[in-house]
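Notes follow the structure.
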Amino acid sequence: MILDIVSYPDPRLKEPCQPIAEITDEIRQLAADMLETMYAAPGVGLAAPQVGRNIRLLVMDPAAKDEEPRPRVLVNPELELLGEEVCSEKEGCLSVPLGYRANVSRSSRVRLRATDLDGKPIDEELEDFPAIVVQHEYDHLEGVLFIDRISRLRRGLYDSKVKKWLKRKTAA
Ligand code: ZN
């Protein structure tokens, strides 16, 4: 089932998420729905707060368009930033309206610890694009959006655009 995606400035995107104590059928169904929603959007990652759920669950597929899909579900992920700082060019987000994109500083390499949907532990290092995607999605679980990581000037310009857009939307 395709889920509704929560959009900035919805306050639900700002709340840190709760750990998942038990992987139930409901969590498994939610993960499947999140993958479906992500592919339909289309996007390369989606975190639970983006569909209105305040829990530490994310899905991602950093495979390139010409590669086989590599869907991943991460439960209670933890990240350790290892690499040097790199520029993530033109990052965007399914929850950030108006198709806004901006360059964001990210780590080139991370150590990822999580469990999969069977509760099996994951402990691996990710590099380059997959590392950037997991940092973006992990941020959502902490209530952080990529627009929280851009300069105040850029953020101010973007916020005024969103304000105008919301005004037009409610007027219509
Ligand atoms: Zn996002």
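Could you tell me which residue out of V162, G43, L145 lies farthest along the dipole of the stretch 11-171 toward its positive end? Charges go on the beta carbon: Lys and Arg +1, Asp and Glu -1, centred on the Cα centre.
Selected residue: V162.
Any chance you could check the Cα centroid distance between the stretch 1-71 and the stretch 100-140 for me, in angstrom?
What the calculation gives is 14 Å, centre to centre.
Quick one: which residues, 5+ away or cross-chain, put their amide H under 5 Å from the amide H of E91? H built at 1.01 Å from N.
A102, N103, V104
Under 5 Å between amide hydrogens, which residues at least 5 positions from Q18 or on another chain qualify, with H placed 1.01 Å from N in the peptide plane?
I55, R56
So if we plug the beta-carbon distance of E89 and E125 into 1/(1 + (r/R0)^6) with R0 = 22 Å, what FRET efficiency do we get, rounded to 0.05?
After rounding, the FRET efficiency stands at 0.50.
With θ set to phi - 60° and the Karplus curve 6.51 cos²θ - 1.76 cosθ + 1.60, what are the ³J(HN,Hα) couplings of the stretch 27-34 in order, to the nearest whole Hz, using x for Gly and Pro?
With coefficients 6.51, -1.76 and 1.60, one gets 5, 4, 5, 4, 4, 4, 5, 5 Hz.
Over the stretch 11-171, calculate the relative contact order: mean separation of alpha carbon pairs under 8 Å at least 6 apart, over the residue count, as a percent.
Result for the stretch 11-171 is 23 percent.
I need the calculated FRET efficiency for the pair S7 and L153, taking r as the beta carbon distance and R₀ as 30 Å, to the nearest 0.05.
Computed FRET efficiency for S7 and L153 comes out at 0.85.
Test of understanding: what is the full-extension gain from V144 to D66, defined as 0.36 nm times their sequence separation minus their Cα-Cα distance?
Contour length minus the Cα-Cα distance gives 25.0 nm.
Describe numerically, in nm with one decimal, the distance between label points set 7 Å from Cα along Cα→Cβ at R109 and at Q29.
According to this spin-label approximation, the distance is 4.2 nm.
If you average over every viewing direction, what projected area does the convex hull of the Cα atoms of the chain give, in nm²?
Answer in nm², one decimal: 10.5.
Count of lysine pairs in the chain with Cα atoms under 27 Å apart, counting only pairs 8 or more residues apart in sequence or on different chains?
Here the count comes out as 13.
Just so you know, all these numbers are worked out from the coordinates, no wet-lab data involved. Since this is a predicted model, take the numbers as computed values, not measurements. Glycine also receives a Cβ, built like all others from the backbone with ideal geometry; neighbour counts cover every protein chain displayed.
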